[in-house]
Amino acid sequence: MSSNLLAPNSLLTRIFEASPVAMAIHNTTNRRLVDVNEAGLRLLGFSRQELLERHTAELGLVDADVFEKLSDAIATAGLLPDSTLSIRARDGSVREVLASVQLTEWEGQSYAITLLQDLTDYNRASAALHESESRYRVFFEAIPLPLVVFDVATLAILNVNGMAEAQYGYSRAELLDQPVTLLWPPEERTAQAVALHAANAPTGHWRHQRRDGTAIEVEAVSGPIAIGDQEARLATFADVTEQRATEAGQRHSEEQLRLIADVTTDVIWEFDPAGQTA
């Protein structure tokens, strides 16, 4: 090292050595590297001996024109705020990094402390998250049931699918951030809010109300779902109004048949064949 800027046991030295973020220091006068920490060596693929006292432009970490523009910007402003940058490692691979540079003076010399945060894993995770979200959206819209996602703490609706919009007559924009109890008749909403805060699980048969005031009967099933750090529930509200009406009609018909059967049986048993009387 050509300077004692990183004095043994100094705070800067401890941060420099322990940092998981790549750090490099170079002399702004001769543009030669003073030191690179372990994270920087791993990122760039060089050994410390290969880097020390090398002119930063010689390493080909960035294109020459980009290097000159960055150098001019740093000289003018005295720093480089967080900037996305492509750098070339020793093996030729290109890494996306978030770069920042701060100038400092030490013993009459000017130094640039550079931080390079590797964005490769972040970009990969972002791409995976985007793919996961895309799959979720496809799944969410493909389910042939009305789906409603709501926040457990506030009961605010976080998402609905097209089936829910069609069933209740509200647009997605009209439902978002509204309490999920909006789907119940007005006279039941307060009690339902208390019940949901207590159990967080709308399950079973409920009486709901469409936007136009039409009452419907739904069968609800719900389960927990995590949205970042937010605790939420995913609920299906299947309209069973016609099914329940059909079942009620069937029960009514069966009851009528039983009554007819009972009356018929009584008549048969009381019929007097000889007198042709009942």
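The values are calculated or read from the model by the stated rules, or taken from the named source; none is laboratory data. The model shown is predicted, which means the values in this text are computed figures rather than measured ones. FYI the Cβ positions are ideal-geometry reconstructions off the backbone, even for glycines, and counts take in every protein chain you see. Keep in mind that these areas ignore ligands, DNA and RNA; they rest on the heavy atoms of the full protein, side chains included. Shrake-Rupley method; radii C 1.70, N 1.55, O 1.52, S 1.80 Å.
List of remarks:
- If you go through segment 134-183 and keep only what is in contact with a Ser or Thr (Cβ under 7 Å, 6 or more places away or on another chain) and of a type in the set (A, V, I, L, M, F, W, C), you end up with L145, L147, L155.
- Any hit, segment 196-219, residues being of a type in the set (S, T, N, Q), touching a Phe, Trp or Tyr at 6+ places or on another chain (Cβ under 9 Å) and touching a residue at least 24 places away in the same chain (Cβ under 8 Å): yes
- Elements of type strands (runs of 3 or more DSSP E) in segment 77-189, at least 2 residues being exposed (fewer than 14 other Cβ atoms within 10 Å of the Cβ) and not aliphatic (A, V, I, L, M): 79-88
- Single residue of A39, A57 found to be in a helix (DSSP H, G or I) and touching a Pro at 6+ places or on another chain (Cβ under 9 Å): A39
- Residue check, E68 exposed (fewer than 13 other Cβ atoms within 10 Å of the Cβ), without any contact (Cβ under 8 Å) to a residue 12 or more places away in the chain, more than 34 Å from the chain's Cα centre (by Cα) and over 17 Å from V101 (Cα atoms): no
- Leading residue by the ranking (nearest to L79 (Cα to Cα)) among those in segment 13-36 that are assigned to a helix (DSSP H, G or I) and not β-branched (V, I, T): F16
- Hits in segment 3-12 (condition: in a loop (DSSP other than H, G, I, E, B) and either at pLDDT 85 or above or open to solvent by 70 Å² or more (accessible area, probe 1.4 Å) (or both)): N4, P8, N9
- The listed residues are R172, R90, and the only one of them that is farther than 23 Å from L41 by Cα and either hydroxyl-bearing (S, T, Y) or free of Cβ contacts under 8 Å to residues at least 60 places away in the same chain (or both) turns out to be R172.
- Residue within segment 167-181 that is modelled with pLDDT of 90 or more, more than 30 Å from H130 (Cα to Cα) and within 25 Å of the chain's Cα centre (by Cα) present: yes
- In segment 225-237, the residues that are basic (K, R) form Cβ pairs under 9 Å with partners that are open to solvent by 70 Å² or more (accessible area, probe 1.4 Å) and modelled with pLDDT of 85 or more, at six or more places apart or across chains, as follows: R233/P224.
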